[in-house]
1. Report the local net charge at residue A:280: Lys and Arg +1, Asp and Glu -1, summed over other residues whose C-beta lies under 12 Å from its C-beta.
2. Using a label position 7 Å from Cα in the Cα→Cβ direction, what is the ascending list of nm distances from residue A:177 to the same site in the other copies?
3. Shape call for chain A from the C-alpha gyration tensor, a ≥ b ≥ c root eigenvalues: rounded (a/c under 1.5), prolate (a/b greater than b/c) or oblate?
4. Taking the simple approach of a point 7 Å from Cα along Cα-to-Cβ for both residue B:290 and residue B:260, what is their distance in nm?
5. Between residue A:6 and the same site in the other copies, what are the distances in nm, shortest first, taking label points 7 Å from Cα along the C-beta direction?
6. Taking θ as phi - 60°, what are the ³J(HN,Hα) couplings along the stretch B:360-368 by the Karplus curve (6.51, -1.76, 1.60), each to the nearest whole Hz, with x for Gly and Pro?
7. Taking only Cα atoms and a 10 Å spring cutoff, compute GNM fluctuations for chain A and point out the largest among A:268, A:301, A:325.
8. Give the order of B:313, B:146 when sorted by the count of other beta carbons within 10 angstrom, beginning with the fewest.
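Nothing in this text is a laboratory measurement; each read-out follows from the coordinates by a stated rule. On a predicted model such as this, the values are computed, not experimentally measured, just so you know. Neighbour counts are summed over all protein chains in view; Cβ atoms, including those assigned to glycine, are modelled from backbone coordinates with ideal geometry.
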Protein chains: 2
Amino acid sequence: MPDMTLIDRYADLIVKVGANVQPGQTVFISALVEHAPLARALSRASYAAGARVVDVRYVDNHVRRAFIEHAPEDALSETAPWVMARADALEGSALIMIAGDPDPELFADLDQARVGKARAVDAVTRQLRAQNELKVNWTIAAYPTEGQAAQVFTETVDGKAPIDQLWEAVAHSVRLDEDDPVEAWRAHAARLRARCKQLDALELDALHFSGPGTNLTVGLLPGARFTGGGLTTVDGITHVPNLPTEEVFACPDWRRTEGTVRSTRPLQLGGTIVRDLEVCFDGGNAVEVKASSGGGAVEGQMAIDEFANRLGEVALVDGTSRVGQTGLTFYDSLFDENATCHIAYGSGVTFGIDGLEGLSPDEIRERGVNVSAVHTDFMIGGPEVAVDGITRDGTRVPILREDTWQLS
Amino acid sequence: MPDMTLIDRYADLIVKVGANVQPGQTVFISALVEHAPLARALSRASYAAGARVVDVRYVDNHVRRAFIEHAPEDALSETAPWVMARADALEGSALIMIAGDPDPELFADLDQARVGKARAVDAVTRQLRAQNELKVNWTIAAYPTEGQAAQVFTETVDGKAPIDQLWEAVAHSVRLDEDDPVEAWRAHAARLRARCKQLDALELDALHFSGPGTNLTVGLLPGARFTGGGLTTVDGITHVPNLPTEEVFACPDWRRTEGTVRSTRPLQLGGTIVRDLEVCFDGGNAVEVKASSGGGAVEGQMAIDEFANRLGEVALVDGTSRVGQTGLTFYDSLFDENATCHIAYGSGVTFGIDGLEGLSPDEIRERGVNVSAVHTDFMIGGPEVAVDGITRDGTRVPILREDTWQLS
């Protein structure tokens, strides 16, 4: 399609492969005001796919900054009725979230406890439920902004400004540089699904990460399956929740994380960059959080509710990752988490677990699956980090060595 | 306040004089994505005034364009539940709407019937009710954009680009160039209120406009008072609904408009510019609409409901108007309607009418006050248009001659 601009081809990929918008669907788009060019292209692409109505909600982080600074304490975690009504409408709809923060340190000088608290908890919980129950076909994709480009690239190379270099890196990461990106995604997704089958066949009891500053055991749930390469809604709509995606992931048992872990990449956390994060777990709880900067934002998030400091995801990524191969830190979890192995504190990813529907949060937690209003990934993998599987009889199975996948 | 930037001083005026935001209030802001700099300044100014939460809803006219082009017919006038929930929350809150269209002809090539139909009727009706029942302190102010500047000014003058010239014209129109804009507004509002008293004392039965292409009689309601210089909510919050405002206005009897009227300024109507509009009224109905361009957008709006083609406002503006004195057409009704006399088709302005609360739309219409989901002003005044009042005994009282106010 040589006459389509890059942004229109990108929007087309996001709508067709990412969210897989169906005729007659309402399409919800969440974007920053700085993402308007992509939001507009996504609207056009969604209507071309047969959307009934496209509803774009623009967030303005400068308005959020004033909110975090000045709103009364009890307003910070509130969900307004109109925000809740929109979250209630997600079931049966398509959802496209645009990532890519033009000013990743906008909140760095604010009270980090308030930064952590500032989220519409009820609406986020409602959205996470719709996603976990596979009732919405959704995706997250990034829009490269000048601000992010300036973080990732410091100078013009071969006449290419930082923003052009970032677009190139993004286009490569999401396979837009392939002749047929949709077909390239089909093959890539099949490869990730094959890995899930390899892992599931091992019937692992735990994963173990070891490397500099890291000695971490993450207990897995009996019967929990690995997921990767996309999801299928209860209505049968296949979709790819992250563009790019390079991970296979599973839900840990929130009661069985033990040891210490050192993050291997900076973490961009809603306006704050967390550097040199180290977390110590005891009986599933994150009992100690250290960082050279931004640690307060992690502690603030972990204090949002009683279960925010327990793990909800563990994910494996090897060195064939297109994101990892760029060698870049994007200061954006959507990319950085797909560069290497990661874990997430907060709500559990329930895609690979049967029989949870209709259970209360307490009942879900009794099954070993965490429920929280938080879900934050941080990166713990890399060539120096070895990953083993531990089976129920205690056998150790090498899974990653020097970023190379060991199973076949 | 020499250390405050122009935009922050402007936001301060809008928050303090326009909406008059009160401590503890929720502040709703409606803006285009292109208005983000002002929306951000308004958020800061609102929190400084004690706002509890500021909720900015960004509209993107390019997303709306795709909606108007592609959404199914029955979706065009729908109100989504989350949009309705936000409209329901307006009562008791403050509302700031930012005007100023960067691309006033964005919808000009679309099907004008669909352009006219595309509005969330239930939410608009709910908002108009809150405004008419004086249950929200609200204001509209403009943000000068490059696109609008390019429409108004064609070249750089004295080293000033069009956008700088537009900012100057806006700052003059809203009295930001005064040493103490808040005090200047107090004096200006008092002047407009004095005019209302002069008009009310005449106990007029009708207004008559005559000039080139215009011979129009607008019947007034017995006991309807003129309004100008601001409103006061049922909770006692004084506010100035338009910045700038130069008008005194009253509600016509929707059944008693007769004759023809020729618009004296172009009308910007949601992405379409209507030029050389002429409307013929018979028994209150607009029975014929002509225009050299954009007439279809007016006809589309008048077809939204059965009462959209009846008048809901008549307003008088004289040559002392700061907006009129700029000699400019802003292609934005907020400014253009304050340059000269105007009428509006659609819902009646009920501020000067007692005893409507709790009545049904039919009962309100029985009182002679129009109820519709539309309210669109267009400009009919100027030095060549004479305005007379007609008293109940048939006496003609000159009100405007050559743009000069005749009452004292």
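1. Residues near residue A:280 contribute -2 overall.
2. Sorted ascending, the copy-to-copy spacings read 5.5 nm.
3. Rounded, because the longest to shortest axis ratio a/c is under 1.5.
4. 0.5
5. Its label point is 3.5 nm from the equivalent points in the other copies.
6. Values per residue, Gly and Pro as x: 6, x, 4, 5, 5, 5, 4, 7, x Hz.
7. Sorting by GNM fluctuation, first place goes to A:325.
8. Fewest-to-most Cβ neighbours within 10 Å comes out as B:146, B:313.
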